[in-house]
């Protein structure tokens, strides 16, 4: 069953991790995907691999905090396919630091990508969805928007802003059949987390596993399956919601790093 047949999607941060898994699964479900990433070379490679397996994707170089680049992507997609049915705001960076010691430039960089980038994506795509009175906008949030992790204030603030924006827009545009939802992953086996493991050692991996009720890391495919559901007509009566894909992490007491 091709649950996204005839749909057109724009996915940011699509060259690796969760964004790549979403692009792969969307294509498998019959969706045509505009894969956007700052790393064009890797995006082209992954797009080609998907297309060789029968998918239909187009790679784009795009920094989500650059409105001109996002406008160019949307213009190209509209010229090629005449519609955009799904936007996945996935691109993000991780900057950890004590709020007292964090340079202001680090805060601004994170907010520009993680929060302003979502604003630009929505601002650019939404008018096309409103014209056809249909669309699903999915933004990747985080459990950190509602739970405390030491030294992750900036990241949590950006994700909390995404959640608030999503609820506001869901209420405003529900009567025009454009839906807004977020996905909050827990500890997922992504390249970003693999880099953290190399920096912080095996204790980080153990803590990531121990904090989940299911005692394992989640996979990018498990997050992508949730995105497929939210992009599909199966979720047509769901808007303004945050779906946690966390293996029960949020069911347990607050995680405190050793």
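The values are calculated or read from the model by the stated rules, or taken from the named source; none is laboratory data. The structure presented is a predicted model; accordingly, all values stated were derived computationally and were not measured. Here the Cβ is made from the backbone with ideal geometry for all residues, glycine too, and neighbour counts use every protein chain on show.
Residues of segment 138-176 that are closer than 21 Å to residue 237 by Cα and either at pLDDT below 95 or in contact with a helix residue (DSSP H, G or I) (Cβ under 6 Å, 6 or more places away or on another chain) (or both): 138, 139, 141, 162, 163, 176.
Could you list, in sequence order, the residues of segment 14-24 that are crowded, with 24+ Cβ neighbours inside 10 Å, touching a residue at least 60 places away in the same chain (Cβ under 8 Å) and not in a loop (DSSP other than H, G, I, E, B)? Result: 18, 19, 20, 22.
Any residue at all in segment 235-246 that is surrounded by 15 or more Cβ atoms within 10 Å (Cβ to Cβ), modelled with pLDDT under 95 and either within 17 Å of residue 18 (Cβ to Cβ) or over 13 Å from the mean Cα position of the chain (by Cα) (or both)? Yes, there is a match, as at least one residue in segment 235-246 is surrounded by 15 or more Cβ atoms within 10 Å (Cβ to Cβ), modelled with pLDDT under 95 and either within 17 Å of residue 18 (Cβ to Cβ) or over 13 Å from the mean Cα position of the chain (by Cα) (or both).
Applying a threshold of 6 Å to beta carbon distances and a minimum spacing of six or more residues, or different chains, the list of pairs starting in segment 104-119 at a residue that is closer than 19 Å to residue 36 by Cα and ending at one that is part of a helix (DSSP H, G or I) and at pLDDT below 95 reads 110/154.
A single entry from 230, 215 fulfils the requirement of being within 14 Å of the chain's Cα centre (by Cα) and either buried (at least 19 other Cβ atoms within 10 Å of the Cβ) or not in a helix (DSSP H, G or I) (or both): 230. If you go through segment 67-84 one residue at a time, do you hit one that is part of a helix (DSSP H, G or I), more than 21 Å from residue 44 (Cα to Cα) and modelled with pLDDT of 95 or more? Among the residues of segment 67-84, at least one is part of a helix (DSSP H, G or I), more than 21 Å from residue 44 (Cα to Cα) and modelled with pLDDT of 95 or more, which makes the answer yes.
Tell me, please, whether a residue that is crowded, with 22+ Cβ neighbours inside 10 Å, part of a helix (DSSP H, G or I) and in contact (Cβ under 8 Å) with a residue 60 or more places away in the chain can be found in segment 36-57. For segment 36-57, residues crowded, with 22+ Cβ neighbours inside 10 Å, part of a helix (DSSP H, G or I) and in contact (Cβ under 8 Å) with a residue 60 or more places away in the chain: absent. Among the residues making up segment 190-206, those that are at pLDDT below 75, over 18 Å from residue 16 (Cβ atoms) and not in a loop (DSSP other than H, G, I, E, B) are 200, 202, 203, 204, 205.
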